[in-house]
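No value in this document is a laboratory result; all are computed from the given coordinates. Just so we're clear, the structure is a prediction, and the values are computed from it rather than from any experiment. We place every Cβ from the backbone using ideal geometry, glycine too, and count neighbours over all the protein chains shown.
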């Protein structure tokens, strides 16, 4: 196997770290927002869940790209 493919796959997997950091920041900000305005918790949770879904999709895409690169 070409070592450059392994390096590329490793970089692709790092998207999971970025997604984890992003979700952690979003969770903290959502909790802070709900603490400040409890009456808006429904809207905040909706936007929060949409953001988490998009961040997780990015991590999954990176993982799939890494698997495809290694199995080629």
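Data overview
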item	result
Odd one out for residue 19 among (1) closer than 24 Å to residue 7 by Cβ; (2) out of contact with any helix residue (DSSP H, G or I) (no Cβ under 6 Å at 6 or more places or on another chain)	(2)
Matching residues in segment 1-22 - criterion: being free of Cβ contacts under 8 Å to residues at least 12 places away in the same chain and over 16 Å from residue 61 (Cα atoms)	2, 3, 4, 7, 21
Out of 25, 52, 34, sole residue that is without any contact (Cβ under 8 Å) to a residue 40 or more places away in the chain and exposed (fewer than 13 other Cβ atoms within 10 Å of the Cβ)	25
